[in-house]
Amino acid sequence: MRILFVASLHHPEALQAAVAATPPDQPPPLFPPSMGQALWDKALRRRGHTTAVFYRNLPAFGGARSQRHSQGITPGKVINALVNRLPPEANPDYRRRNHRLLEQARAFRPDVLWLVGDNTVIYPDTLAAIKSELRCHLVYSTGVSPIVFARPIEKRAARLYDLVLVNDYYHGIQWLELGARRMECLPVSACDPDFHHPYDLTPEERAAYTCDVSFVGTLVPDNLYSRRLRALEALRDFDLGIWSVHDVPSSLRPHVRGAALGETMLRVLSAAKITINIHGDFMHYGGNMRTFEAAGVGVFQIADDLPGTRQWFQAGETIVTYTDETDLRAKVAYYLAHADEREAIARRAREHVYAHHTYDQRMVRVETLMQELMQNT
């Protein structure tokens, strides 16, 4: 199949570095290694599919820049708020980007147009025109709730989505209610054994990354990540290390060690005795990326007790879950004191995700779903 991704490019400098490091006999990556789409693309290419990408967030003039989220009001937030008050169809830069997507789709002629979530640029009319003219199918993938995050432009296009791929089962139900034809809770996230594995660290890395308890992820705004804040604030008297590319609330800043993306994030996880994985407030089923990445790295993981966590892992065997902050503190203390049990669970978790939760396996399922779409047309 020919698959055209429509996605935003985050961390463009990381993509530039990845392209520069690509051997001459291999195709350059479409996404930086810090983005999950890079691993989707890698798995799809391994299965013989042809892929391309349209970066919808690249302005007509200029390039993409990395963004850092903060809790307070910034000039950038004010400008974005003013721009967002305008209908996307009234934005001349957006109109040009939509025209460029249509041109690229006509040249590439995809069987599948794969739209990644958080779209604020591509018009429903553009998607409808591509589907009608090129007879391709529209797949939409997302890791967040449409109730919380989706803009009107995404919701208006929901009836065009032939298939919605979600991490959280409840998000999939919401997309069906908005008119999508079909949804599948894979989850979209997984691990790649070539990338998600224990890392040998230099003495300098061990000095910078080693801690008893680590957390890597986003913590602002607090109304979307209150569960994370409560959990981490309950662990401040432990040897806690926090890595985030965004702002961190003042209560946790003494524990911040810096930012961690891509391989650096995996090296940070490799240095910890325990990593804490708390889903955002908008995920009530589970399935975020860290669930499978941490297991692949071979670090012992404590996660919040959600249905998806219990579905994909066996509590006490391949993961440990907690119910509230008191329970979390007790389990952190227990497993810090019982290294043999901690390491055995981490080892079984790694074996488990390598056997059942790789990106290759996810894309086999996606491939089957896409073939079913084509057969039912």
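Filter region 142-188 for residues that are hydroxyl-bearing (Ser, Thr, Tyr), surrounded by fewer than 22 Cβ atoms within 10 Å (Cβ to Cβ) and in a loop (DSSP other than H, G, I, E, B) and give the result. The one that is hydroxyl-bearing (Ser, Thr, Tyr), surrounded by fewer than 22 Cβ atoms within 10 Å (Cβ to Cβ) and in a loop (DSSP other than H, G, I, E, B): Ser145.
Inspect region 247-255 for any residue being surrounded by 21 or more Cβ atoms within 10 Å (Cβ to Cβ), farther than 27 Å from Pro33 by Cβ and not assigned by TED's automatic domain parsing to the domain that holds Ser34 and give the result as yes or no. No - not one qualifying residue is present in region 247-255. Say whether the condition of being without any contact (Cβ under 8 Å) to a residue 40 or more places away in the chain, closer than 24 Å to Thr358 by Cα and not polar (S, T, N, Q) is met by at least one residue in region 136-150. The answer is yes; a qualifying residue exists. Would it be correct to say that His284 is surrounded by fewer than 24 Cβ atoms within 10 Å (Cβ to Cβ) and assigned by TED's automatic domain parsing to the domain that holds Asp327? When the stated conditions are applied, His284 passes them. The residues of region 303-321 that are without any contact (Cβ under 8 Å) to a residue 60 or more places away in the chain and either surrounded by fewer than 23 Cβ atoms within 10 Å (Cβ to Cβ) or not aliphatic (A, V, I, L, M) (or both), listed by number, are Asp305, Leu306, Thr309, Arg310, Gln311, Phe313, Gln314, Ala315, Gly316, Glu317, Thr318, Thr321. Taken residue by residue, region 233-255 has at least one member that is at pLDDT 95 or above, part of a loop (DSSP other than H, G, I, E, B), of a type outside the set (Phe, Trp, Tyr) and touching a Cys at 6+ places or on another chain (Cβ under 7 Å). Residue count for region 10-60 under the criterion of being more than 17 Å from Val112 (Cα to Cα), without any contact (Cβ under 8 Å) to a residue 24 or more places away in the chain and in a loop (DSSP other than H, G, I, E, B): the result is 9.
Just one of the numbered conditions (1) under 21 Å from the mean Cα position of the chain (by Cα); (2) not in a helix (DSSP H, G or I) is not true of Gln361; which one? Here Gln361 clears every test but (2).
If we keep just the residues of region 328-355 that are more than 15 Å from His197 (Cβ to Cβ) and aromatic (Phe, Trp, Tyr), which is surrounded by the fewest Cβ atoms within 10 Å (Cβ to Cβ)? In this case the residue turns out to be Tyr334.
To keep it simple, each residue is scored yes or no on (1) of a type in the set (D, E, K, R); (2) under 15 Å from Thr275 (Cα atoms); (3) over 15 Å from the mean Cα position of the chain (by Cα); (4) in the same structural domain as Met35 (by TED's automatic domain parsing).
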| site | (1), (2), (3), (4) |
| --- | --- |
| His197 | no, yes, yes, no |
| Asp212 | yes, yes, yes, no |
| Phe215 | no, yes, yes, no |
| Asp222 | yes, no, yes, no |
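Going by what's in this entry, would Gly262 be described as at pLDDT below 95, within 25 Å of Ile147 (Cα to Cα) and within 17 Å of the chain's Cα centre (by Cα)? Walk me through it before giving the result.
Values: at pLDDT below 95: yes; within 25 Å of Ile147 (Cα to Cα): no; within 17 Å of the chain's Cα centre (by Cα): yes.
So Gly262 does not fit the description; no.
Please determine, by comparing only the residues of region 107-135 that are outside any helix (DSSP H, G or I) and among the β-branched types (Val, Ile, Thr), which one is surrounded by the fewest Cβ atoms within 10 Å (Cβ to Cβ). That would be Thr120. Only one of the listed residues (Gly296, Gly308, Gly287) is at pLDDT below 95, farther than 21 Å from Glu233 by Cα and outside any strand (DSSP E or B). That residue is Gly287. The test for being aliphatic (A, V, I, L, M), in a strand (DSSP E or B) and farther than 30 Å from Ala355 by Cβ does not hold for Ile274. Among the criteria (1) farther than 25 Å from Thr210 by Cβ; (2) among the hydroxyl-bearing types (Ser, Thr, Tyr); (3) under 24 Å from the mean Cα position of the chain (by Cα), the one Thr326 does not fulfil is (3).
The values are calculated or read from the model by the stated rules, or taken from the named source; none is laboratory data. Keep in mind that what you see is a predicted model, and the values were worked out from it rather than measured. For neighbour counting, all protein chains shown are included, and Cβ atoms are generated from backbone atoms with ideal geometry for every residue, glycine included.
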